[in-house]
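Okay, so here's the structure we're looking at.
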Amino acid sequence: MHILRSLLLSLLVAIAAALPARAADDAELTRLVDALGAGGFDDTSAQIAALAATGEPRVAAVLELLAGGDLYVKKDGGAVVAATRDGKGYRITDPLSGADLGTVDRSAVTKIKINNKLRGEIKSALGSLTLASTDPAARMTAAETMFKAADPESIATLDAAIAGEKDPAVTEKFAEARAAAVLASDAGEADKLAAIAILKERGDRDALALLRAAAAGEGAVAEAAATAAAHVAQVLSFWEAGQNVWYGLSLGSVLLLAAIGLAITFGVMGVINMAHGEMVMLGAYTTFVVQEAIRTSAPWLFDYSLFIALPLAFLVSGIVGMAIERGVLRFLYGRPLETLLATWGLSLIIQQAVRTVFGPTNREVGNPSWMSGAFDLGHLAITWNRLWIIIFALAVFAGLLAVMRRTAFGLQMRAVTQNRRMAGSMGIRTPWVDAFTFALGSGIAGIAGVALSQIDNVSPNLGQGYIIDSFMVVVFGGVGNLWGTLVGAMTLGVLNKFVEPYAGAVLGKILVLVLIILFIQKRPRGLFALKGRAVEA
């Protein structure tokens, strides 16, 4: 008990000692703020510097009020207050605490005036306060802002920030901001050469712009800047190629999702299904309906909306697909032209039905929090929604491959693909294999629509943008071959993204189409042709 009593007494003494110090700090801040209203512009400048030197976060709000013209001096007593119009008078508050001080007549206060020079000093002071923030993210943001400003007057502030910084990552950003400021200043040759080395190490486009500006001069600094700029430009060209590969893989994953269902129906049934894009569109609208229901009834489930939409989209598109196969296509097997015309007509009917129910305008489908935002990998910009779609596309591919290789239905499907007559003679009910295969392909198209709803507009025309590309992927990869569909989708995606910057989007697609035509002239069955004694032609 004696030890506990001693500890409590020590704690009370420490608290009692801290309270007057805090009061003294508040009193000193109040004195510095009140001094803003005394004297001319030079005196105000000195007080701005004194307030910034305190490093107190509350000072930022005071300086922002001053910059906005919202600080006034009370004629009675000289206290500085924040004031806003309130009828015929002003409502005043304490600029440090924000406490309400009531209302006064306009004649009771005088506005503190500032000029452009003081505005610049306030901006610099706010920057130095942000550099002293307790939040590392805020300090990083401030350093990036000062880097882009490249203001020589900020060198002293940055030197002080670097000296007191303990986080290595933040220190690096401060050093880069200082290097940008030094390169824009009248510093000596040695300092500028050191700054060039730092900017070369940073190696992004902002650094490249600063280096190229410095290379426009003469002397050793200009030569070093030109050499560094050439090095940075070369490194960035490699990163740009990597970015194009990433964009290509992202596009390829979308094409894979859109084409993978078509690959199995086209391969097994030989049906040119022009309504496949509408199965994708139905999946996207299913996602919209699910999210609308969640928004109105259970908004806390929004982050799980896609997990709810996936099985529903598969069922909706799969049921519609089976209805199409049982109601129309089974009467048209062996008549490819009639099949093409019938499915094209069905696509128009489905589009018009969706327009009637949902309207012709785009519908909003939101991104869950875990699919929002982006991150940098070196100089690559990776968006979370695209990354998750790539992972999802590969998961769907792996799942379909497992169904094809590890299940009885998959075995029957492969048997029908390779030799329909022999499969029928062995007891396989080929009409039902056709029906369930078409339902499976349509269902996969539906879950592709769930993914596409996260990166594209959900409208009745959604599927039309992917149907031609899907057929190109299937034919290029090899009809009915899943591995061919994967390789074909990724190859065409990357090829598109490398051609587009030079030829444009439309001409780029034309060039890719021409290349595919030339390729098919040499390999009519695509990259990975199915093998078997009686693969139907």
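The values are calculated or read from the model by the stated rules, or taken from the named source; none is laboratory data. None of the values given here were measured: they were computed from a predicted structure. Heads up, the Cβs are rebuilt from the backbone with ideal geometry, glycines too, and the neighbour counts pull from every protein chain shown. Protein only, heavy atoms only, side chains kept; ligands, DNA and RNA dropped before computing areas. Shrake-Rupley method; radii C 1.70, N 1.55, O 1.52, S 1.80 Å.
Remarks
- Portion, in percent, of the accessible area of the chain that falls on carbon or sulfur, probe 1.4 Å: 63 percent
- All C-alpha to C-alpha distances of segment 99-192, sorted into 10 Å bins beginning at zero, yield P(r) values of 15, 39, 22, 12, 9, 2 percent in whole numbers.
- Charge dipole (debye, nearest 20) of the chain; +1 at Cβ of Lys and Arg, -1 at Cβ of Asp and Glu: 2920 debye
- Under the criterion of Cα pairs below 8 Å and six or more residues apart, the relative contact order for segment 217-310 equals 15 percent.
- Segment 336-452: projected area of the alpha-carbon convex hull, averaged over directions, in nm²: 11.5 nm²
- Kirkwood-Stokes translational diffusion coefficient of the chain, alpha-carbon pairs, 10 °C, 1.306 mPa s, µm²/s: 54 µm²/s
- Degrees between helix 2-34 axis and first principal axis of the chain (Cα, 0 to 90, nearest 10): 80 degrees
- Selection from VAL59, VAL473, SER372, by position along the positive dipole direction of the chain (Cβ): VAL473
- J(HN,Hα) series, segment 338-343, from Karplus relation 6.51 cos²θ - 1.76 cosθ + 1.60, nearest Hz, glycine and proline x: 5, 4, 4, 5, 5, 5
- Computed with a 1.4 Å probe over protein heavy atoms only, the accessible surface of the chain comes to 51 Å² per residue.
- Mean Cβ neighbour count within 10 Å, used as a protection proxy, ranking 165-171, 460-466 highest first: 460-466, 165-171
- Span per principal axis, largest first, for the Cα atoms of segment 173-284 (Å): 76, 23, 18
- For segment 80-181, the relative contact order works out to 18 percent when only alpha carbon pairs closer than 8 Å and six or more residues apart are counted.
- Positive-end residue of GLY39, PHE498, ILE196, charge dipole of the chain with Cβ unit charges: PHE498
- Rounded to the nearest 20, the size of the Cβ-charge dipole of segment 79-171 about its Cα centre is 560 debye, with Lys and Arg at +1 and Asp and Glu at -1.
- Enclosed volume per residue, in Å³, of the convex hull spanned by Cα atoms of segment 381-537: 129 Å³
- For segment 84-96, Karplus couplings with θ = phi - 60° (6.51, -1.76, 1.60), whole Hz, Gly/Pro x: 10, 4, 9, x, 8, x, 10, 8, 10, 9, 6, x, 8
- Structural descriptor for the chain: relative contact order 15 percent, calculated from alpha carbon pairs under 8 angstrom and at least 6 residues apart.
- Dimensions of segment 217-336 along the principal axes, based on C-alpha atoms and rounded to the nearest Å, stand at 81, 48, 17, largest first.
- Taking GluC sites (Glu not before Pro) across segment 186-239, the ones in a DSSP loop with at most 13 further Cβ atoms lying within 10 angstrom of their Cβ are GLU218.
- Residue-span extension gain [ALA241 to LEU394] - 0.36 nm each, minus C-alpha spacing: 52.8 nm
- In sequence order, calculated HN-Hα J values of segment 284-299 (Karplus, 6.51, -1.76, 1.60; Hz; x Gly/Pro): 5, 5, 4, 4, 4, 5, 4, 5, 5, 5, 5, 4, 8, 10, 8, x
- Computed from Cα positions, the angle between helix 430-452 and the longest principal axis of the chain comes to roughly 10 degrees.
- For the chain, adding -39500 (n - 2.57) for each run of n ≥ 4 DSSP H residues and dividing by the number of residues yields -23500 deg cm²/dmol at 222 nm.
- Label zone at GLN352, where the point sits 7 Å out along the Cα-to-Cβ direction: segment 256-278 residues whose backbone N lies under 18 Å: 274-276, 278
- Student exercise, segment 119-248 dipole from Lys, Arg, Asp, Glu Cβ charges, in Debye to nearest 20: 260 debye
- Between 0 and 90°, nearest 10: helix 168-183 axis offset from the chain longest Cα axis: 70 degrees
- Cα centroid separation, segment 419-443 to segment 368-416 (Å): 26 Å
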